[in-house]
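Q: First the structure, which I've put down as structure tokens, then a few questions once you've had a look.
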Amino acid sequence: MPLFSKISAPSDDFFGDDYTKKVTCKIKTKAGPVGVTSETERKPDGSHVMETSLTGVAPGLKFTFKGDDAQNGDLGVEYTKGALGMTAEMDIIELKQVAASLAASKGDLAFGGSATYKIAGGSLDKYSLGASYTSGPLFASVMSDKFSAVDLGLKYKVNSDLVVGTSSTHSSSAPLGAITAGASFNAPFGIVKGKATSDGVLSAVLVKEVAKKVTVTPSVQVKASDLANATWGLGVTMG
């Protein structure tokens, strides 16, 4: 999908999906041609975050909403056609900012950029550029935020059961900054994933389908220097 947020998705999802320190529930439903996805997250402090998306209204069009208990609410729209993808998002509660992105793909290459504009100050707050390349079992992406640092993501499918990857951040002040290495293995009892960061944080998760279209993802995170105090999380996806 040619959206800027998806350019580095294979690497980002490999290290981000399923791992959680919270309790989350995601429900996918359909009403005729219209698809609705709703995800609710309960944070450790008791607050809640909700994300909802609506598809099927028109070809290539998707509406999104993200909100939480702190009176934050972002309404967004995504549109894709052929090799082009565009997004726009606005803070509809406090009217603080608006964001937009544009991406394109050609063959195995995808590239694009995004920007966030502060309405109150009338200034460009954030801007990012990125590109990715896919060749068989190998995926590579490079992303830069304000050209201050570069994030490099690599993922390689060793065989039908094993996938490995790395994620790293590089800048002039820290040429070899944060590094994360991980692996995913398709075991007989479910998908086992694990990762380790350069600052000594270890994470593991089991992705298990317990019933038709019902998946649970118990996960744990612990610091190598403090193995006695682990943080647990649980995700449930239905649909």
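Q: Examine region 144-164 for a residue that is at negative phi, assigned to a strand (DSSP E or B), of a type in the set (Asp, Glu) and without any contact (Cβ under 8 Å) to a residue 24 or more places away in the chain, and state whether such a residue exists.
A: So the first thing to find is which residues in region 144-164 are at negative phi, and the list is 144-145, 148-164.
Adding the requirement that they be assigned to a strand (DSSP E or B) leaves 144-145, 149-157, 162-164.
With of a type in the set (Asp, Glu) added as a condition, the list becomes 145, 151.
Those left that are additionally without any contact (Cβ under 8 Å) to a residue 24 or more places away in the chain: 145.
Looking for residues that are at negative phi, assigned to a strand (DSSP E or B), of a type in the set (Asp, Glu) and without any contact (Cβ under 8 Å) to a residue 24 or more places away in the chain, one finds at least one in region 144-164, hence yes.
Q: Let me ask another. Only residues that are touching a residue at least 24 places away in the same chain (Cβ under 8 Å), outside any loop (DSSP other than H, G, I, E, B) and exposed (fewer than 15 other Cβ atoms within 10 Å of the Cβ): list them for region 188-233, please.
A: Result: Val214, Trp232.
Q: Looking only at region 83-119, count how many residues are over 12 Å from Lys6 (Cα atoms), in contact with a strand residue (DSSP E or B) (Cβ under 8 Å, 6 or more places away or on another chain) and either aromatic (Phe, Trp, Tyr) or not in a strand (DSSP E or B) (or both).
A: Total satisfying the criteria: 7.
Q: Please work out if Ala83 is modelled with pLDDT under 90, over 30 Å from Lys22 (Cα atoms) and exposed (fewer than 14 other Cβ atoms within 10 Å of the Cβ). Before you say what the answer is, go through the steps one by one.
A: Numbers: modelled with pLDDT under 90: no; over 30 Å from Lys22 (Cα atoms): yes; exposed (fewer than 14 other Cβ atoms within 10 Å of the Cβ): yes.
Judged against the criteria, Ala83 is not a match.
Q: Still on this structure, I have one more. Give me the pairs: first residue in region 36-60 and at pLDDT 65 or above, second residue aliphatic (A, V, I, L, M) and assigned to a strand (DSSP E or B), beta-carbon distance under 6 Å, and six or more apart or on different chains, which are they?
A: Cβ pairs passing all conditions: Ser38/Ile27; Thr40/Met50; Leu54/Val36; Gly56/Val34.
Q: A further question on this structure: Can you tell me how many residues within region 187-205 are within 15 Å of Asp161 (Cβ to Cβ), within 21 Å of the chain's Cα centre (by Cα) and not β-branched (Val, Ile, Thr)?
A: Residues of region 187-205 within 15 Å of Asp161 (Cβ to Cβ): 187-194.
Among the residues that remain, those that are also within 21 Å of the chain's Cα centre (by Cα) are: 191-194.
Among the residues that remain, those that are also not β-branched (Val, Ile, Thr) are: 193-194.
Final tally of qualifying residues: 2.
Q: Considering only region 120-141, I want to know if a residue exists there that is among the charged types (D, E, K, R), over 30 Å from Val220 (Cα atoms), assigned to a strand (DSSP E or B) and over 17 Å from the mean Cα position of the chain (by Cα). Steps first, answer last, please.
A: Pass one, region 120-141, residues among the charged types (D, E, K, R): 125-126.
Cutting the leftovers down to over 30 Å from Val220 (Cα atoms) gives us 125-126.
After this cut, where a residue has to be assigned to a strand (DSSP E or B) as well, the list is 125-126.
Among the residues that remain, those that are also over 17 Å from the mean Cα position of the chain (by Cα) are: 125-126.
So far as region 120-141 goes, yes, one or more of its residues are among the charged types (D, E, K, R), over 30 Å from Val220 (Cα atoms), assigned to a strand (DSSP E or B) and over 17 Å from the mean Cα position of the chain (by Cα).
Q: Further question on the same structure: Looking at Ala183, is it surrounded by 15 or more Cβ atoms within 10 Å (Cβ to Cβ) and at pLDDT 95 or above?
A: Working: surrounded by 15 or more Cβ atoms within 10 Å (Cβ to Cβ): yes; at pLDDT 95 or above: yes.
The answer is yes for Ala183.
Q: State which residue is surrounded by the fewest Cβ atoms within 10 Å (Cβ to Cβ) when the search covers only region 108-143 and only residues that are aromatic (Phe, Trp, Tyr) and in contact (Cβ under 8 Å) with a residue 60 or more places away in the chain.
A: So the residue we want is Phe111.
The values are calculated or read from the model by the stated rules, or taken from the named source; none is laboratory data. Fair warning: this is a prediction, and the values are worked out from it, not measured in the lab. As a convention, Cβ positions derive from the backbone with ideal geometry for all residues, glycine included, and neighbour counts pool all protein chains shown.
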